[in-house]
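**Q** Shown below is the structure under consideration.
The values are calculated or read from the model by the stated rules, or taken from the named source; none is laboratory data. On a predicted model such as this, the values are computed, not experimentally measured, just so you know. All Cβ positions, glycine included, derive from the backbone under ideal geometry; neighbour counts span all protein chains shown. Please note that ligands, DNA and RNA were not included when accessible areas were found on the heavy atoms of the full protein model with its side chains. Shrake-Rupley method; radii C 1.70, N 1.55, O 1.52, S 1.80 Å.
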Amino acid sequence: MSIKKTIIAVALVAAAFALKAESLTFTGGTDKDHLLYKAGEEIVFNVTLIDKDKKNAPVKGRKLVWERTGDDGEKANGEAMSDEPLIVKTKIDIPGFVRVIVNVLDENGKKVPGPFAQFDGNAGADVMEIQPSPRPENFDEVWDTAIARMKSVPMKVRLERIHCPNPAVMMSEFSVTLTPGEGPATGRVAWPVDAKDGTLPIRVETPGYGYGRNPINPASVLDKGGNIIIAITRYGEDPLGSDEYHMNLWTNACFAFCWHNMTSTNANDQFRMVMRDLRALQFAKTLPQWDHKTIKVGGGSMGGYRSIALAAFDPDVTSCSAHFSWMADLAGNTKYGRIAGWLPRWT
C-alpha cells in the first residue's frame, strides 16, 4: 500500500472512531412552563446539541434539522448549525399542543440514529380547554358490571416467599384467581420483615410493553419508613419464569399482545390486563400491613395506561404517576385532527 493510501486509511479510521466516540444528545425546553401558554401566545423552544462524553459540552459545527407540528394541523421546518442554541418560535391559536422535533445529521446528511440523538419537545396552550372525546354511552355499564362480577368471586390466593438478597425484606410471588375461565393475576409483592399491621402505604408497579421478569428493588421497599410494593405481571405469567419461558411467551403464546380481539369489548388483551391489575390490587389491600390510607400507582408506556386505569377504577388509589402513557387521546387524531401519538388504532 502506498504512503498516500495509508494516510487516507488512517484518517478514515480516525474519523470513524471519533464519530463512534460521540455521545450526542440535546438539552432544551421552552421559555416558560410548557403547559401554561395561552392560545395565540408566542412559544419559544431553545435547544442545544451536547456531547455527554465531554461533560455535556455544546457541540459546534453540526447541521440540525427541525420540524414543528401541532393540533392545529400547521407544519413548519428548518435547518440550523449547532454553533449556537437553536431557537424555534411558534404559536397555536386554539387549545392544543405543538411539537418540535430536532435531529442532528452526520457527514452524509443522514439523521444520527439512537433514542438520545433527537430532541422531541412539546408545549400546550389552554390545555384544560382541549375538547375531550365523549366516552361511550355504555362505558360505566361495561366496567361496573365486569368489576362487580370479579369482586363477587372469592379470591383464591397463592403467596409463596422467595429469596431476597436483603434479609430485612419479605419478598413473595403471588397468584390470585379471577373469574371462571380467566387466568390469574400474578406478580411479586414485598414489605419490610418487621412491619407492623396497619402501617404501610401500597405502591403498585405496572411494567410497560415487553417481556421478562420484573424484580422489586429491596431499597424501594425500605424507603421512607417502608412500603408494600406489588409488581404485577403483564400477561398473568409466572413472575419467576426463566428467560426461555418469557421469550417463548413473547414470540408464541403472547405474540402481538394487545392486538388480539380488538373489536370485542371484553375479550381484548387491554381489558383483560386491566381486570388482572384490579384483582391484584384487590389482593394487596387485604394485606394486614396496609395503612388503609395510601395507594400509589405508576408505570410507563403500557404501564402508564395500566396505572391510569387503576386510578380510574379503584377509588382507594390516592396518586398516579404515569409517563409516556399508552391510550392518550385515542380519538384525538381520528375525530379531531390532533397530533397522533403511539397507540393502537382507534375503533
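**Q** Please specify each residue of the stretch 61-74 satisfying the condition of being open to solvent by 80 Å² or more (accessible area, probe 1.4 Å) and either modelled with pLDDT under 95 or within 27 Å of the chain's Cα centre (by Cα) (or both).
**A** E67 - this is the single residue of the stretch 61-74 that is open to solvent by 80 Å² or more (accessible area, probe 1.4 Å) and either modelled with pLDDT under 95 or within 27 Å of the chain's Cα centre (by Cα) (or both).
**Q** Next question. Scanning for something in a loop (DSSP other than H, G, I, E, B), modelled with pLDDT of 95 or more, open to solvent by 80 Å² or more (accessible area, probe 1.4 Å) and of a type outside the set (D, E, K, R), does the stretch 146-160 turn up at least one residue?
**A** Scanning the stretch 146-160, I find at least one residue that is in a loop (DSSP other than H, G, I, E, B), modelled with pLDDT of 95 or more, open to solvent by 80 Å² or more (accessible area, probe 1.4 Å) and of a type outside the set (D, E, K, R), so the answer is yes.
Results for (1) closer than 16 Å to G303 by Cβ; (2) touching a Cys at 6+ places or on another chain (Cβ under 9 Å); (3) not β-branched (V, I, T), shown as yes or no for each residue.
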position: E244; (1), (2), (3): no, no, yes
position: A253; (1), (2), (3): no, no, yes
position: W259; (1), (2), (3): no, no, yes
position: Q270; (1), (2), (3): yes, yes, yes
position: R276; (1), (2), (3): yes, no, yes
position: Q282; (1), (2), (3): no, no, yes
position: P288; (1), (2), (3): no, no, yes
position: D291; (1), (2), (3): no, no, yes
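**Q** Got a sec? Which of E141, E79 is free of Cβ contacts under 8 Å to residues at least 60 places away in the same chain, of a type in the set (D, E, K, R) and either open to solvent by less than 90 Å² (accessible area, probe 1.4 Å) or over 30 Å from T286 (Cβ atoms) (or both)?
**A** Answer to the selection: E79.
**Q** Inside the stretch 112-151, can you point out the residues that are of a type in the set (S, T, N, Q) and closer than 30 Å to K52 by Cβ?
**A** Of everything in the stretch 112-151, those that are of a type in the set (S, T, N, Q) and closer than 30 Å to K52 by Cβ turn out to be Q118, N122.
**Q** Any idea which of T233, T265 is out of contact with any helix residue (DSSP H, G or I) (no Cβ under 7 Å at 6 or more places or on another chain), among the polar types (S, T, N, Q) and touching a residue at least 40 places away in the same chain (Cβ under 8 Å)?
**A** T233
**Q** Looking at the structure I just gave you, is K335 open to solvent by 40 Å² or more (accessible area, probe 1.4 Å), over 27 Å from S133 (Cβ atoms) and of a type outside the set (G, A, S)?
**A** The answer is no for K335.
**Q** Can you pull out every residue in the stretch 312-328 that is buried (at least 21 other Cβ atoms within 10 Å of the Cβ) and either within 19 Å of A284 (Cβ to Cβ) or over 11 Å from the mean Cα position of the chain (by Cα) (or both)?
**A** Listed by number, the list holds a single entry, A322.
**Q** Do we find that A123 is in contact with a His (Cβ under 8 Å, 6 or more places away or on another chain) and either surrounded by 10 or more Cβ atoms within 10 Å (Cβ to Cβ) or within 30 Å of E42 (Cα to Cα) (or both) in this structure?
**A** Answer is yes for this residue.
**Q** For the stretch 241-288, name all the residues that are of a type in the set (V, I, T) and farther than 14 Å from V176 by Cβ.
**A** Once the filter is applied, which keeps residues that are of a type in the set (V, I, T) and farther than 14 Å from V176 by Cβ, the stretch 241-288 yields T251, T263, T265, V274.
A quick yes/no check of all residues on (1) on the phi < 0 side of the Ramachandran plot; (2) over 26 Å from the mean Cα position of the chain (by Cα); (3) not β-branched (V, I, T):
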| residue | (1), (2), (3) |
| --- | --- |
| P154 | yes, yes, yes |
| M171 | yes, no, yes |
| F174 | yes, no, yes |
| G198 | no, yes, yes |
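**Q** Then there's this: With the condition kept exactly as written, say whether any residue in the stretch 87-103 is open to solvent by less than 20 Å² (accessible area, probe 1.4 Å) and at positive phi.
**A** Yes.
**Q** Could I ask something else about it? Among the candidates G121, G114, single out the residue that is at positive phi and small (G, A, S).
**A** Of the residues listed, the single one that is at positive phi and small (G, A, S) is G114.
**Q** Name the pairs whose Cβ atoms lie under 6 Å apart, with the first residue in the stretch 317-339 and β-branched (V, I, T), the second in a loop (DSSP other than H, G, I, E, B) and loosely packed, with under 13 Cβ neighbours inside 10 Å, and 6 or more positions between them or separate chains?
**A** none
Conditions (1) out of contact with any Phe, Trp or Tyr (no Cβ under 7 Å at 6 or more places or on another chain); (2) crowded, with 19+ Cβ neighbours inside 10 Å; (3) aliphatic (A, V, I, L, M); (4) over 21 Å from W143 (Cα atoms), marked per residue:
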| residue | (1), (2), (3), (4) |
| --- | --- |
| A219 | yes, no, yes, yes |
| K224 | yes, no, no, yes |
| P239 | yes, yes, no, yes |
| N252 | yes, no, no, yes |
| W259 | yes, no, no, no |
| A267 | yes, no, yes, no |
| W290 | yes, yes, no, yes |
| G303 | yes, yes, no, no |
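**Q** Could you tell me which residue of the stretch 24-60 is nearest to the chain's Cα centre (by Cα), considering only residues that are of a type in the set (S, T, Y) and buried (at least 16 other Cβ atoms within 10 Å of the Cβ)?
**A** T25
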